[in-house]
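Working notes for the structure below.
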Amino acid sequence: MNVKNEKLAIKIDDLTVAYDYKPVLWDIDLKIPEGVLMAIVGPNGAGKSTLIKAILGIIKPIAGSVKIFGKPYKAQRSKVAYVPQKGTVDWDFPTTALDVVMMGTYGSLGWIKRPGQAQRKSALEALEKVGMLSFKNRQISQLSGGQQQRIFLARALVQNASIYFMDEPFQGVDATTERAIIKILKELRDAGKTLIVVHHDLQTVPEYFNWVTFLNVKGIASGPVKDIFNDDNLTKTYGINYKVAINP
Amino acid sequence: MNITEYFSMLFTDYTLGVITLGTAVLGAVCGMLGSFAVLRRQSLLGDAISHAALPGIALAFLLTGTKQTHFLLLGALISGLLGTFWIKSIVKKTRLKNDTALGLILSLFFGFGMLLLTFIQKLPNANQAGLDKYLFGQAATLMVQDVYVMIGVTGVSLFVLLLFWKELKLLLFDPDYTLTLGFNTRFLDILITSFIVLAIVLGLQTVGVVLMSAMLLAPAAAARQWTNSLSVMIFLAAAFGAFSGVLGTAISASQNNLSTGPIIVLVAAGLVLLSFVFAPQRGLLARRIRFYRNRKELNLRKTLSVMYHIAQNHKDISHPHAIKILNNFHGYTRKTLNKLEEKNWVEIRGNQWSLTAKGYQEAENFYKPQEAMQDL
């Protein structure tokens, strides 16, 4: 597939991340065109979350460069939104659903400035989009796993970014929420946004995504789902002989 | 002197007034900043910091030869900060976990501090007596200028808290996300930790090295039980802290000068206990009551659903059935049946019951998924 003719959302060169001496990501080269809905797949410990965190500067790589629309991440922060894994925060924190979604506006506000009516309005709109408006004043510990994930998605939507990074957004959510989230993600893609999603369920890759990256410490393959999501690449990534009934 | 006498003397006796104001302000600032430690799950950091401050006090005395509180506390501040940033860098640079690093620094600094204290005790011509008051604190030594310093620090930390409210809240809830939004999380971390160290050092004179962490944690832990809002929690923690300070001082002054620090801590611990039991939503009592209510309600619905399944077999849902076919296993008792009738879900005629349309509807809803969210 020829990527060169399209505008690149993300270009990664020689990215290497290591904890102590153990490489977690090894010499990754990756080109992600604008406007794709991309899954990152790979076994546990393949470095999927680490890849996202390295792109976002949460983890410092020991080598390599990351360009977002041709510039370093720091210059492009406002164009990027991040949905962390649900399990990384304390859901017993004393705050409400609306308050968490409002946090999505903090980046554009910058230091010290307080959120006002405009920020509140866009947070309410995002809550409505994810079907959670009636839960706006709910204490976050009283939300189900699926509802918490919707809140996290709403917080990212408020950022009104061009690129969305999501770390396992379907983990521990109900089927209704999974359908709701994928619908929103597809809408965002159709609106020209780029979405990069760490994903675990191989069965749903062809149905949900149009772009895929196989990762297992090294980059195995990256491209359109219809061209490269096959048994060959799955076997290379997961090590065992993998058979998924796709591409009839 | 009894407690009522104490409160009547509060505004006439200068010393008593100063000490009370001091413990109140200390309680408030510790409660306020302690909320952050509790919510960041760094509760034990306070304990490590206060113990790490001890060698600073001893070294300050050895170097300057003065017993002036301000010099000694300056030493405490320096060694407290040193201990804190050692802990952070151990966690960052080695594979040791947070609790191990805390324990290590705590015992290392405290051991060194105790060593220095015994060394000082053996010095000739030492006007050393009194340094060990920093172990358990002595509120009676509070001077009016100490209280001014406390008020100053409280004011500054309140100002900083309000100024960076949005950023600090974000950091408490989701540090990684804070970083991706472009906020300097290291700056925020150092900011909040420094103020916690400052509050601890201020409390050493009153409460002492050993019990200081309780001043930080107890009011915050109690406050968390009563509210689901961060700002209310911090306000409540400050109020609980101040209350513990005043009541602790009152008890101590009225009961033959019992040691003030431990009493303040015990009062704060009492508040925690009360909050754990009696808080309206998170309290143990409320949860027990909710549990029993739910069980009763469940039994009621269990009976109703049995009736629903029986009624489903008939064309007419209100077809009467014998009460005898219900048994205990279905959650049935005479009481639940009466409750069901009260709710207008069943009708009872003699020894027969029949489902009402309302009851049928209710049972039907029971089997539908309760998720109120729509499929988008």
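Values quoted throughout were computed directly from the atomic coordinates according to the rules given, and no laboratory measurement underlies them. All of these numbers come straight from a predicted model, not from anything done at the bench. Cβ coordinates were reconstructed from backbone atoms using ideal geometry, including for glycine residues, and neighbour counts include every protein chain displayed.
Please average, across the residues of B:224-233, the number of beta carbons from any other chain that are within 10 Å of each residue's own beta carbon, and give a whole number.
Per-residue shielding by partner chains comes out at 3.
Report the residues of region B:68-91 in range of a label on B:Leu123: point 7 Å along Cα→C-beta, backbone N strictly under 12 Å from it.
Residues passing the 12 Å test: B:68.
Each residue of region A:69-85 in order: what ³J(HN,Hα) in whole Hz does its phi give by Karplus 6.51 cos²θ - 1.76 cosθ + 1.60, θ = phi - 60°, with x for Gly and Pro?
Running phi through 6.51 cos²θ - 1.76 cosθ + 1.60 with θ = phi - 60° gives 6, x, 10, x, 4, 4, 7, 10, 3, 5, 8, 10, 10, 10, 10, x, 4 Hz.
Please identify which residues in region B:283-319 have an amide N closer than 18 Å to a label point set 7 Å out from the Cα of A:Arg138, following the Cα→Cβ vector.
From region B:283-319, the list is empty.
Which of the aspartates and glutamates could a cross-linker span from B:Lys339 if the Cα-Cα distance has to be under 17 Å and same-chain partners fewer than 8 positions apart are dropped?
Candidates past the 8-residue exclusion: B:Glu297, B:Glu347, B:Glu362.
If each DSSP helix of 4+ residues adds -39,500 (n - 2.57) and the sum is divided by the residues in chain B, what number results at 222 nm, nearest 500 deg cm²/dmol?
Using -39500 (n - 2.57) per qualifying helix, the result is -24000 deg cm²/dmol.
Please return the longest range in chain B lying between exposed loop sites, taking chymotrypsin sites (Phe, Trp or Tyr not before Pro), DSSP loop only, at most 11 other beta-carbon atoms within 10 Å, and leaving the sites out.
Answer - B:12-366.
Given charges of +1 on the Cβ of Lys and Arg and -1 on the Cβ of Asp and Glu, with all other atoms neutral, how large is the dipole of the protein assembly as shown about its Cα centre, in debye to the nearest 20?
660
Modelling each spin label as a point 7 Å along the Cα-to-Cβ direction, I'd like the B:Leu115/B:Ile289 distance in nm, to one decimal.
5.6
Using 5 Å bins from zero, what percent of all Cα-Cα pairs in region A:28-81 falls into each bin?
Percent of Cα pairs in each bin: 4, 16, 27, 30, 18, 5, 1.
For the residue pair A:Glu128 and B:Ser107, what label-to-label distance in nm results when each label sits 7 Å from Cα along the Cα-to-beta-carbon direction?
Placing both labels 7 Å beyond Cα along the Cβ direction yields 6.0 nm.
Gap in Å between the Cα centre of region B:70-99 and the Cα centre of region A:139-202?
Cα centroid to Cα centroid, the span is 40 Å.
Give a residue-ordered list of calculated ³J(HN,Hα) values for region A:102-113 (Karplus: 6.51 cos²θ - 1.76 cosθ + 1.60, θ = phi - 60°; whole Hz; x for Gly, Pro).
Values, residue by residue: 4, 4, x, 8, 4, x, 6, 6, x, 4, 6, 4 Hz.
Between B:Glu341 and A:Ser65, what FRET efficiency comes out of the Förster formula 1/(1 + (r/R0)^6) with R0 = 56 Å and r the beta carbon distance, rounded to 0.05?
0.15
What residues have an amide H closer than 5 Å to that of B:Val209, excluding those fewer than 5 places away on the same chain, when H is modeled at 1.01 Å from N in the peptide plane?
Counting only residues 5 or more places away or on other chains, the set is B:Leu135, B:Phe136, B:Gly137.
How big is the antiparallel share of DSSP beta bridges in the protein assembly as shown, given as a percent to the nearest 5?
Antiparallel: roughly 60 percent of the beta bridges in the protein assembly as shown.
Taking amide H positions as placed 1.01 Å from N in the peptide plane, with prolines and chain starts having none, which residues 5 or more places from A:Trp111, or on another chain, fall under 5 Å of its amide H?
none
Enumerate the calculated ³J(HN,Hα) couplings along region B:72-80 in order (Karplus 6.51 cos²θ - 1.76 cosθ + 1.60, θ = phi - 60°), each rounded to whole Hz, writing x wherever the residue is Gly or Pro.
Working through the residues one at a time gives 4, 5, 4, x, 4, 4, 5, 6, x Hz.
Using only the Cα atoms of the protein assembly as shown, build the gyration tensor, take square roots of its eigenvalues as a ≥ b ≥ c, and label the shape rounded, prolate or oblate: rounded if a/c is under 1.5, else prolate if a/b is larger than b/c, else oblate.
The shape class here is oblate.
Please compare each pair in A:Lys7/B:Lys166; A:Lys22/B:Lys88; B:Lys296/B:Lys343; A:Lys67/B:Lys97; A:Lys31/A:Lys121; A:Lys48/A:Lys121 to a cut-off of 26 Å on the Cα-Cα distance and tell me which ones are over it.
Flagged as over cut-off: A:Lys7/B:Lys166; A:Lys67/B:Lys97; A:Lys31/A:Lys121; A:Lys48/A:Lys121.
Starting from the amide H of B:Thr356, placed 1.01 Å from N in the peptide plane, find each other amide H under 5 Å away whose residue is 5 or more places distant or on another chain.
Those lying under 5 Å, H to H, from B:Thr356 are B:Val346, B:Glu347.
Neighbouring Cβ atoms within 10 Å as the yardstick, rank B:Val91, A:Val17 fewest first.
B:Val91, A:Val17
Top mean-square fluctuation among B:Gln138, B:Gln121, B:Gln225, Gaussian network model of chain B, C-alpha springs under 10 Å?
The residue that fluctuates most here is B:Gln121.
Give me the distance in nm between label points sitting 7 Å out from Cα along the Cα-to-Cβ direction at A:Gln117 and B:Val91, one decimal.
Going from the A:Gln117 label point to the B:Val91 one covers 4.2 nm.
So which lysines pass the test for B:Lys122, namely a Cα distance under 18 Å, with those fewer than 8 places away in the same chain ruled out?
B:Lys67, B:Lys133
Summing +1 for each Lys or Arg and -1 for each Asp or Glu, what net charge is found among the other residues whose Cβ lies under 10 Å from the Cβ of A:Leu30?
Computed value for this residue: 0.
Say R0 is 45 Å: what FRET efficiency, to the nearest 0.05, do B:Met9 and B:Phe159 get from their beta-carbon distance?
0.85
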